[in-house]
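Scroll down for the structure; my scribbles are underneath it.
The values are calculated or read from the model by the stated rules, or taken from the named source; none is laboratory data. These numbers were taken from a predicted model, which means no experiment stands behind them. With ideal geometry, Cβ positions are generated from the backbone for all residues, glycine too; neighbour counts draw on all protein chains shown. The protein model used for the area step is the full one, side chains on, heavy atoms only, and it has no ligands, DNA or RNA in it. Shrake-Rupley method; radii C 1.70, N 1.55, O 1.52, S 1.80 Å.
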Amino acid sequence: MDKIVVEGGSRLAGEIKISGAKNAALPLLAAALLPSGASTFRNVPRLQDVATMGKLLRHLGCEVDAQPAKHLCRIEPPAKPPRGKSHYEAPYQLVKTMRASVLVLGPLVARYGHGRVSLPGGCAIGARPIDQHLKGLTAMGAKVTLEHGYVDVSCKRLKGASIVCDVPTVTGCENLMMAAALARGRTVIENAAREPEVEELALVLNKMGARISGAGTPIITIEGVDELQPIEHAIIPDRIEAGTFAVAAAITRGDVLLEGARPEHMDAIVAKLRAAGATVTAEAGGLRVRGPAEVLPVDITTQPHPGFPTDMQAQFMVLATMAKGQSVIKETIFENRYMHVPELGRMGADITVSGQVASVRGGKKLSGASVMATDLRASASLVLAGLVAGGKTEVLRVYHLDRGYEAIEKKLRGVGAKIKRVKA
Ligand code: EPU
């Protein structure tokens, strides 16, 4: 298996082009199931998760013309309802490698009247149930059954409903918006997720002819329509990739322009970078981050958007290890998202975890080691740790990084990091 080898100590300076957002691309590609005809997406990130979604859509009978090098993807869904179980089913083999496979459920039921998805089960970062997705679909009149590890959802035509989510869920909200777009009548989703990726999906569905308002607020209203048209669309830049490189600039006392980054999607991240002493300025081409001479401690509580994103928690923990003094980090979204802590400990970080709370006593230089993580953002944090550690760090299990960061080692090398991928 490949590994990433980092030699710590370089100051990062220059420009990094931010790729299209993984968590926007996945629902958008699933949404291509909704209209008749081919939709084309530009600025599609070259990632393993995107390839997995392409594989799933092919499995569902779509024609998928993916050109990863050009960041293009054209998807044409089958004109008629798919025949045979496998054609409306997201199989275990794919769902177990990518939970976001569940995003095809809403579109399948809305467009073809039937969808089956292997129940994702727990994963490295938490239990992650999909009860809110299913509660919403049931309220829209769908019959939901669970057998042999699969959820089977069917309904000739969904009807609008009033749905109050128990928790704001990103993919849950996306699934329900896609389902409601073709339902009969009005659907109102309350306590909706407000993430920029939810707004992006609403924008694209509206381009297709849907009638959605309120995305980006806690109440989303969808007036169902009878059919949707295919579209062409360029995907928004990835705020978490941008945030990860922002931390890289901050901890190396660097000066990096994150080309294309959208500051309006990153308020909470920018606020904490500034609290840690970094200088962050919005420029015409993106966001510039300059690292402080001395990193200050930062307290962080992860929250649904517009709060501080859980997907940046691990990276900020590395920043906290650099600060003289104590930072307190509280993870409220996922119950098991501290898998990077023992690995950072092996690099010399002084962190204790008690329940949801991690206390980081920073200020001691990290030392390079062989490390590995069990999820994407934890892996990214280990690469960041390698940038500031003394000596060599080897990050194993690189496939986690490849799921969500496009060419991370090339992008970091481009701004002066001593980093390489060693092929197995
Ligand atoms: N939840 C429920 N029931 C549900 C759905 C969610 O209880 O039916 C709970 C979850 O267990 C969690 C909370 O609600 O405690 C929020 O989870 P959410 O559903 O919002 O997460 P998700 O949609 O599965 C997306 C991103 C994640 C990101 C989270 C939180 C995609 C494809 N994935 O997941 O991204 O961490 O939102 O912002 O959009 C990543 O990119 O590394 C990643 C994990």
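In segment 168-309, carbon and sulfur make up what percent of the accessible area (probe 1.4 Å)?
In segment 168-309, the share of accessible area belonging to carbon and sulfur is 47 percent.
Could you list which residues have their amide H under 5 Å from that of L72, counting only those 5 or more apart in sequence or on another chain, with H placed in the peptide plane?
V44, Q67
Using mean Cβ contacts within 10 Å as the protection proxy, how do 270-277, 149-156 order, highest first?
270-277, 149-156
If I build a Gaussian network model for the chain, linking alpha-carbon pairs within less than 10 angstrom, which residue out of L396, L34, L137 has the largest mean-square fluctuation?
L396
Would you grab the residues whose amide H sits under 5 Å from the one on G277? Only those 5+ places off in sequence or on another chain, please, with H modelled 1.01 Å from N.
Placed amide hydrogens put L296 under 5 Å from G277.
Excluding ligands, DNA and RNA, what is the solvent-accessible area per residue of the chain at a probe of 1.4 Å, expressed in Å²?
Heavy-atom SASA per residue in the chain reads 39 Å².
Name the long-range amide H neighbours of R186: under 5 Å, sequence gap of 5 or more, or other chain; modelled H, no Pro or chain starts.
It is G160, G224, by chain and number.
If I model a spin label at D65 and V167 as a point 7 Å from the Cα along the Cα→Cβ vector, what separation in nanometres do I get?
Between D65 and V167, the label points sit 4.1 nm apart.
Considering Cα pairs under 8 angstrom that are at least six residues apart, work out the relative contact order of the chain and quote it in whole percent.
Once divided by the residue count of the chain, the mean separation gives 21 percent.
Would you calculate, for the chain, the mean residue ellipticity at 222 nm contributed by helices, counting each DSSP H stretch of 4 or more residues as -39,500 (n - 2.57) and dividing by all residues, to the nearest 500?
One gets -9000 deg cm²/dmol as the mean residue ellipticity at 222 nm.
Let me check I've understood the local charge: for K135, count other residues with C-beta under 13 angstrom from its C-beta, Lys and Arg +1, Asp and Glu -1. What total comes out?
Computed value for this residue: -3.
For segment 355-366, just list the computed ³J(HN,Hα) in residue order, Karplus coefficients 6.51, -1.76 and 1.60, θ = phi - 60°, integers in Hz, with x standing in for Gly and Pro.
x, 7, 10, 10, 9, 10, 9, x, x, 9, 5, 6
Aspartates and glutamates within cross-link reach of K418: Cα-Cα under 20 Å, excluding same-chain residues under 8 positions apart?
Hits, sequence-local ones excluded: D2, E7, E15, E241, D255, E394, D402, E406, E409.
Give the cross-link partners of K207 among the lysines, using a straight C-alpha distance below 21 Å as the criterion and excluding same-chain residues fewer than 8 apart.
Partners found: K22.
Rg over Rh of the chain, using C-alpha atoms and the Kirkwood radius, what does it come to?
0.98
Would you work out the relative contact order for segment 30-98, in percent, from Cα pairs under 8 angstrom that are 6 or more residues apart?
37
Length gain on complete extension for the stretch R413 to S36, per 0.36 nm per residue less the alpha carbon to alpha carbon distance?
131.4 nm
For L26, what is the net charge nearby, where nearby means another residue's Cβ is under 13 Å from its Cβ and Lys, Arg count +1, Asp, Glu -1?
In short, -2.
Work through the residues other than V204 whose Cβ is under 14 Å from its Cβ and net out their charges, Lys, Arg +1 and Asp, Glu -1.
-2
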